[in-house]
Amino acid sequence: NMKKIKNLKRIFLNKIKKNNVKFILNGKDSVDNNINITFPDVDGDFLFSKLDNISISSGSACGSGSGEPSYVLKELGVSLKYAKSTLRIGIGKNNTENEMLYIGSKISKILKKNG
């Protein structure tokens, strides 16, 4: 399962790279099933609202629902400004390549329209 998940993460990241999306991958040695990604200079709430048909979180699991950046993001060195532009995307064994391509395409389209 972890090999499949690692490949799904690679597919997603390659999709947004190909679309010239500016991003920062947080957590140097992060696990493959958890993508913690910052889109600099993007209103995270806006992006989050446009991804309403995709199960994602803003920031980190440890801060979910608090409205404040989590201590995990602070520990990762994510600034307060960038913490508000950060999403957490979980990948599981039941996710598909098409789903990863879809979210990569959707994020790319949203950011190009509002960039």
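The values are calculated or read from the model by the stated rules, or taken from the named source; none is laboratory data. Note that the structure is a prediction, hence the values are computed from the model and not measured. Backbone-built Cβ (ideal geometry, glycine too); neighbour counts: all protein chains shown. Accessible surface is based on the protein model in full, side chains and every heavy atom, while ligands, DNA and RNA are left aside. Shrake-Rupley method; radii C 1.70, N 1.55, O 1.52, S 1.80 Å.
A search for C-beta distances below 6 Å between a residue of segment 21-33 that is touching a residue at least 60 places away in the same chain (Cβ under 8 Å) and more than 14 Å from GLY90 (Cα to Cα) and any residue that is surrounded by 17 or more Cβ atoms within 10 Å (Cβ to Cβ) and of a type outside the set (Asp, Glu), counting only pairs 6+ apart in sequence or on different chains, returns VAL21/SER108; VAL21/LEU111.
Return the residue satisfying two criteria in turn: it lies in segment 39-72 and is of a type outside the set (Gly, Ala, Ser) and modelled with pLDDT under 75, and of such residues it is farthest from LYS109 (Cα to Cα). Result: TYR71. Could you please find all residues in segment 29-47 being open to solvent by 80 Å² or more (accessible area, probe 1.4 Å) and more than 18 Å from LEU8 (Cα to Cα)? If the condition is that a residue be open to solvent by 80 Å² or more (accessible area, probe 1.4 Å) and more than 18 Å from LEU8 (Cα to Cα), then ASP41, ASP43, ASP45 are the ones that fit.
Determine whether LEU87 is crowded, with 20+ Cβ neighbours inside 10 Å and modelled with pLDDT under 90. Step through it out loud before you land on a result.
Values: crowded, with 20+ Cβ neighbours inside 10 Å: yes; modelled with pLDDT under 90: yes.
Considered against the rule, which asks whether it is crowded, with 20+ Cβ neighbours inside 10 Å and modelled with pLDDT under 90, LEU87 comes out as yes.
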